[in-house]
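Derivation of every value follows stated rules applied to the coordinates shown; laboratory data play no part. From a predicted model like this one, the values you see are computed outputs, not experimental measurements. Backbone-built Cβ (ideal geometry, glycine too); neighbour counts: all protein chains shown.
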Amino acid sequence: MSVTEPTGYAAGRQFSTGTGPDFRVLDIGHKDWVAVVEPRTAFWSLVAKTGLADTLTEAAFGDAYRKKAAAFDAEIGNLRFGLSPSAVYLNPTERCNLNCTYCYIPGDLRQGGSQMDVPSLLNALGILKTYFQKELPTGRKAQIIFHGAEPLLCKDGLLAAFEGFKDDFRFGVQTNGTLMDADFAAALRGYGVSVGLSLDAPEAETADRTRRTWGGAGVHDQTLKAMELFRGYDELAVICTVTSGNMAALPALVDFFHEREVHAALLNVVRCTLPGARLLKPDEKELFGHFEAALERADELRKRTGRKLIVANFANILLALMAPAARRLMCDLSPCGAGRAFLAIAPDGGAYPCSEFIGLPRFRGGNLFADSVPEILASAPFRQVVTRDIDTMDPCGRCAIKHFCGSPCPAEAVEMNGGIERPGAYCVFYEEQVRYALRLIADGRAEDFLWDDWDQGTTTSFEL
């Protein structure tokens, strides 16, 4: 029996037939433009509505795509499945001096959980240093983010880490700011540590509804004092957890941040991993209205002052479209960065794909003090997360924008929707972000919402 190569439509000579590209038309809410997307390779193009039919049937468009299709496929494939860790979220304590209503760490851990002593913290960093020296290219430093609960409960350990490993790692600290003082702030600035500070609203009345002490007292004013210690610091990012209770305050919060010389903020929608957080989940259409208003307000301030406030989580959506490999955050991808681009270490050395999993013992993939990092990365709990594949998920596998969203978060999908193969919690919100991003690109405004150096090291891979 002889076998011949397929011909005609089966050989992909036409769109959406046989092995040809499966182009989808996406309405982006623009009066003049629509997007044409090839979901498998994450290729997209903006097409004038008046020329849509001609574009999809003209030979030049199809031929140009086919010449680059393999490269597009390889790029998105490497981004999804070819990464290895270059960062660690190191939690020196499970304890916290606050009882935020939406926290993903269970309350019993935050009240009486374990905490690393200084020798254990330095031992953990030594183990990670040895691993990364073997795995990363010469001269490239891994990043260690001290996370929590509240890492400033371990100030002595953090200072010892900065001094002992200042030549080996890039450091970051995520803190509620209530334990910050001038001396420690000066040390962070002196070591060049990136600082993430949590603040949910410009006024105490709103912010203190969800961020308060175990005794019920608000902490808004304490956080503001910490923010003042980092005024103008390039390595400061202020993080707002967006809920149904504060989403209307987002434009005012942008004003507040900009006035205080904050260069970057994250307006992160509340993750619904634990039941308490789900009570604060906002309506997604209403959420996006406030989110878009905040982004537009940031651009108004840029025009007036010449100074940008980057909303980093949205900027990452823009990068997913414009320069996929330049993304700075790894949540909006499937598989996400958990267990691939980074991992999380609990105070007892327990290893998890991401800090979001620390309250879920079945996702513990070993112990840093007992198991090698390669053994941890190859463990069954980690493999379960790093093989989460949006192409096999329903309805995500059929979605045109699946590689710009990633259906986050896997921990949220497990706890809220019943399985790691299930979608995350914010399909509508991500869809609206992608459509808005494409409108900005269509209008030539995208770079106003990105870091000034966003395209450093990038090259144009397709132009027609």
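Shape of the range 247-345 from the C-alpha gyration tensor: oblate (a/c of 1.5 or more and a/b not above b/c, with a ≥ b ≥ c the square roots of its eigenvalues). Look at the alpha carbon pairs under 8 Å that are at least 6 residues apart: their mean separation over the length of the chain gives a relative contact order of 15 percent.
Note on the chain: with charges restricted to the Cβ of Lys and Arg (+1) and Asp and Glu (-1), its dipole about the Cα centre is near 460 debye. Over the residues of the chain, the helix contribution to mean residue ellipticity at 222 nm works out to -11000 deg cm²/dmol, using -39500 (n - 2.57) for each DSSP H run of at least 4.
For Phe146, nonlocal amide neighbours, meaning residues 5 or more places apart or on other chains whose placed amide H falls under 5 Å from its own, are Leu90, Gly172, Val173, Gln174.
Between the Cα long axis of helix 118-135 and the first principal axis of the chain there is an angle of about 30°, rounded to the nearest 10.
Backbone geometry of the range 80-88 corresponds, through the Karplus equation with coefficients 6.51, -1.76 and 1.60 at θ = phi - 60°, to 3J(HN,Hα) couplings of 7, 10, x, 7, 10, x, 9, 8, 9 Hz, x marking Gly and Pro.
Note on the chain: dipole from Cβ charges, positive end direction compared against Leu26, Asn99, Ala338; the farthest Cα belongs to Ala338. Dipole check for the range 312-375: with +1 at the C-beta of Lys and Arg, -1 at the C-beta of Asp and Glu, and the Cα centre as origin, the magnitude is about 180 Debye.
Considering only beta bridges that DSSP places wholly inside the chain, some 35 percent are antiparallel.
Ranking Ala252, Ala160, Tyr131 by how far each Cα lies toward the positive end of the dipole of the range 123-259 (charges on Cβ) leaves Tyr131 at the top. Given +1 at the Cβ of Lys and Arg, -1 at the Cβ of Asp and Glu and no other charges, the dipole of the range 35-140 around its Cα centre is 180 debye to the nearest 20.
Sorting 86-96, 250-260 by average packing, meaning the other beta carbons within 10 Å per residue, from highest down gives 86-96, 250-260. Set against the labelled values (1) 0.98; (2) 1.06; (3) 1.12, Rg/Rh (Cα atoms, Kirkwood Rh) computed from this structure falls on (1).
Computed from backbone phi, the HN-Hα couplings of the range 212-226 come to 7, 6, 5, x, x, 7, x, 10, 3, 5, 5, 5, 4, 5, 5 Hz, rounded to whole numbers (Karplus: 6.51 cos²θ - 1.76 cosθ + 1.60, θ = phi - 60°; Gly and Pro given as x).
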